[in-house]
Every structure is written in C-alpha cells, then in structure tokens.
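Right, one structure below, let's go through it.
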Amino acid sequence: MTEPILWGSPSPWPFRGSFLGNTSNGRQVGLAWAGRVAGNAPLDVAFRAGRAVDDALSDPQPTDRLRTLAAAWERVVAVELGEFAGTLSLLMTATDGDGVSITGVGLAAVWAGGQGPAREWIPPGHPLLSAPGVPATRPGALSVDVAPPLLIAVAHGDPMPTFPRDPDALRLGSGVWR
Amino acid sequence: MRVWLRGDLSGVSPREELEVLRAFAVESAQAGEDLTRFFKAFAELDAVALAELCAGPRAVGHPGLVRASLAVAEQLERVMSASGLYNRLMILQPECGREVLAVAVARHPASSWTTALSRRAEAVPGRALLGITRGTSHYHSACKRCAEAGFVEALTETVQAQPDLEPLVAAVHAMGAYPALPIAAATVAADPNLLVVEAVAAIVGPNVDAWAQALFAQTLNDAGFAARYAHLLREP
C-alpha cells in the first residue's frame, strides 16, 4: 500500500488539526489518508475537526479503487466543518492489486519517498495540486500501476521543506509516531 | 584590622597585600564574622583582586567566604564570566550549592549554563530554576531548558504550582510524548480542563490514542477527564 503523509507545518504546533489513517475493505482495496483542517484554530477545535474528517474516512469503503475514493470524498464533503471548510488539505490513496489511485486537495507539492532521497513526484501545475478547502466538485484521481511506498505532501501555504533522507524521519516529520 | 570588617579599607593596596587580605578573610570567616561589608569595599577598590581571592586558584572554600562572594556577585561578574564564577563557588563550597544556584538563576534566568549548575546543586534538578522564573517572562525558556536537560521531576512539580501547558509542551518537544507522561498526568491533576491530549497531538502527530489511554491509566482519579475524550479516541 502506498502510504500518504502530510509534512508538519512550521510552527510550535506542527500537527494541529492533522489527521492520518487507513482502512481496508477486506484484502481488495486499501484506503489511506493524511490531512489537516483548521490548522490555525484553537487546539480543541482543530483536534475535533481533524477527528471528524478522520472518522468519516474510517467508515467501510466500496471494493473498487476509484469508487472507494469517490465514496471517501462524499463522506468528507458531508462533514460539518463550518468556518473551517476552506482550510482542508488532504491526500488520499486507494490501493488494490492493480495499482494505486491518488487524489487530494489543498496540496502545494507531492514528493515520493521511502526509496532513497525524496524526490518531486507531481510536477507543478498538476491538477492534484490545488487550493485548500472542501472541494465543490469531486477532484479527479491520478491512477498509476506502481507508486512509491511513501507519498509526502506539503500543504498549500506551507513553505517547501528540505526533506530528510531517512523514511522514519520523513514519517516523524509528518506526525507518524508510536 | 577590625575596621576592614566595617568596610574601611583606606590605605590598603589589594594587589600588593592580597595574601594578608586572604589570611584575614579566612580567619574572619572561620571566626564566624560577616564579611559582606569587607567584600563590598574590596570590590570597589579592586574587583580583579577580589575575584582572585574569592574564586582564583588559591581561593579557600569556606561558607562565609562564598556567601560574602555572592553578596558582591554583580561586581565579580564584571571581571570574570558569570558561569565561571558560580561554578567555581560551587566547587569551592558544595555545601552552599543551593545558595549559589539561587543567586545565579536570579541574575541569569535565561542562561543555559544554569541547568548544569542545577544538576550539581539540587536533589531535584531544575526546581530552583523553575521556581524562580515562575510567573516571569523567563518561565517559557526555563521550561524548555529543563525539558532538554530531562528534569522531569521538576517539571512535574512546577505544573502543580502553576497549572498550565508550558512544562508539558516543552517536555514533549524535547523528549517525546511517552517520556513526558508523568508531566501530562500532573497537568491533568492540576487542572483537568487543560487541553493535554490536544496539545500532544498537535506536537507529535494526530494518532495519540494509545498515548491517551496510557495517560488515562495514570489519571484514574479523574474519570471526567477520560470521559471527555470517550467519543474522540479510538481503541488503540
């Protein structure tokens, strides 16, 4: 499964409003996501907003890759985010035996990692890179046969970081910890 | 020479008579005399010579001398480095360690070397640094330095005296979420309304569920705290 992560914001609270998870429908399709919402809201408001999106995505998904992403978007759009709807950044991947489909919103960059140094994977201007916010229409998905093990997104509005080479450091800088 | 104790050093040439002055200071200290006025007058006359007497290679480690040195710390700091001065005084007389530390922290609350001094002087390292800076603008950096030094016990204590997220935030940034658990539990005990779980999630990452369960296990006396998160957290 391709693991999406979102690089932390350059602030004392790098993961305020962040959410991160995955689910699978049996062995057929795996859905994984990383995102942030209400990143400048008070801590409790941001935490609840992130959890709300996370909960919506954690519901069981359909068995087809693209339909999985479409259903995921429907659930995200249905989350009551109020004044924070315009702050959503999200990267999602749906993986099955045939490949990976990738979609997102509010992303400034998507890099590939997990095999050597991180490298830019999505070129500037690609439709996967867009302004933040719950999308009015469902974003498209990029489908590939093979994707890197790690996709590192940078949220729209965040400065471009210098990524560490080590995948564990990449994950740590993206709020993946145990 | 009794007049010296009253601060009258007229006619004295400190550098030429340093050994006489040293002998006088030691004898007076051993006799239990207060050397403060003597040292103040000495500092006005020649602070370099006084620094030699108080903290030089041949300085004598008597509590009376160290305490009198602390009374003229400002003057001594003008002729030697502050960290060098307090380190030397602490080495000369470990018995006065806490007094030395208190003056050092009061005069240099934002200096990084005070944590090393604290480690040597205190049973609970960081206690004086946090106690003296609590309620001041230096508290934030004191928490940070104590966290970087691993002073968990002092950070746990200070949050009980002043319930806020500052010590926990500093600890999580410096040492990670699990090592900071005792401070988190103390924070909840001090004020269960503080946003402990949310703050940790915002610092280390969103999946705090297992960590929060570990925290709840340490805060069993506050069922309301865990209940507040019941619908927000998942079973790890």
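The values are calculated or read from the model by the stated rules, or taken from the named source; none is laboratory data. Quick caveat: nothing in here was measured; it's all calculated off a predicted structure. With ideal geometry, Cβ positions are generated from the backbone for all residues, glycine too; neighbour counts draw on all protein chains shown. The protein model used for the area step is the full one, side chains on, heavy atoms only, and it has no ligands, DNA or RNA in it. Shrake-Rupley method; radii C 1.70, N 1.55, O 1.52, S 1.80 Å.
Annotations
- Taking only the C-alpha atoms of the protein assembly as shown, the Rg (one decimal) and the largest Cα-Cα distance, Dmax (whole number), read 30.1, 99 Å.
- Degrees, to the nearest 10: B:152-161 long Cα axis against longest axis of chain B: 80 degrees
- Segment B:49-65 and segment A:1-48: distance between their alpha carbon centers, rounded to Å: 60 Å
- Note that segment B:1-108, at 37 °C in a medium of 0.692 mPa s, gets a Stokes-Einstein diffusion coefficient of 243 µm²/s from its Kirkwood radius over C-alpha pairs.
- Calculated FRET value between B:Tyr178 and B:Gln30, using beta carbons and R₀ = 51 Å, to 0.05: 0.45
- Against the main long axis of the alpha-carbon atoms of chain B, helix B:18-30 sits at an angle near 60°.
- Average other protein chain Cβ within 10 Å of Cβ, residues A:10-20: 4
- Counting only protein heavy atoms and a probe of 1.4 Å, the accessible surface of chain B is 52% carbon and sulfur.
- Excluding ligands, DNA and RNA and using a 1.4 Å probe, chains A and B jointly bury around 1800 Å² of accessible surface, summed across both partners.
- Build a GNM of chain B with springs between Cα atoms under 10 Å apart, and of B:Ala142, B:Ala59, B:Ala161 the one that fluctuates most is B:Ala161.
- Buried on assembly, segment B:182-222 (at least 30 Å² less accessible surface than by itself, 1.4 Å probe): B:Leu195, B:Glu198, B:Ala202, B:Ile203, B:Val204, B:Pro206, B:Asn207
- Between the alpha-carbon centres of segment B:175-189 and segment B:71-93 there is a gap of 36 Å.
- Carbon plus sulfur fraction of accessible area for segment A:3-173, probe 1.4 Å, in percent: 52 percent
- FRET efficiency estimate (nearest 0.05) - Cβ-Cβ, A:Arg27 to B:Ala210, R0 25 angstrom: 0.50
- Stretchable slack from B:Ala110 to B:Ser10, in nm (0.36 nm times residue separation minus alpha-carbon distance): 32.1 nm
- P(r) weight above 22 Å for segment B:84-227, C-alpha pairs, percent: 39 percent
- Estimated inter-spin distance, B:Arg78 and B:Arg119, nm [label 7 Å along Cα→Cβ]: 3.4 nm
- Inter-part distance where segment B:94-132 and segment A:144-172 are each reduced to a Cα centre, Å: 43 Å
- Each residue, B:Arg37 and A:Met1, gets one label point 7 Å from its Cα in the Cβ direction; the gap between the two is 8.1 nm.
- Simple spin-label estimate for B:Leu45 and B:Arg58 gives 1.7 nm between the two label positions (7 Å along the Cα-to-Cβ direction from each Cα).
- Degrees, to the nearest 10: B:97-107 long Cα axis against longest axis of chain B: 80 degrees
- Overall form of chain A per C-alpha gyration tensor (a/c, 1.5; a/b vs b/c): rounded
- Taking every residue in B:170-178 and counting other chain Cβ atoms within 10 Å of its Cβ, the average works out to 1.
- FRET efficiency estimate (nearest 0.05) - Cβ-Cβ, B:Arg98 to A:Glu80, R0 45 angstrom: 0.20
- Surface exposure of the protein assembly as shown, expressed per residue as accessible area with a 1.4 Å probe, stands at 44 Å².
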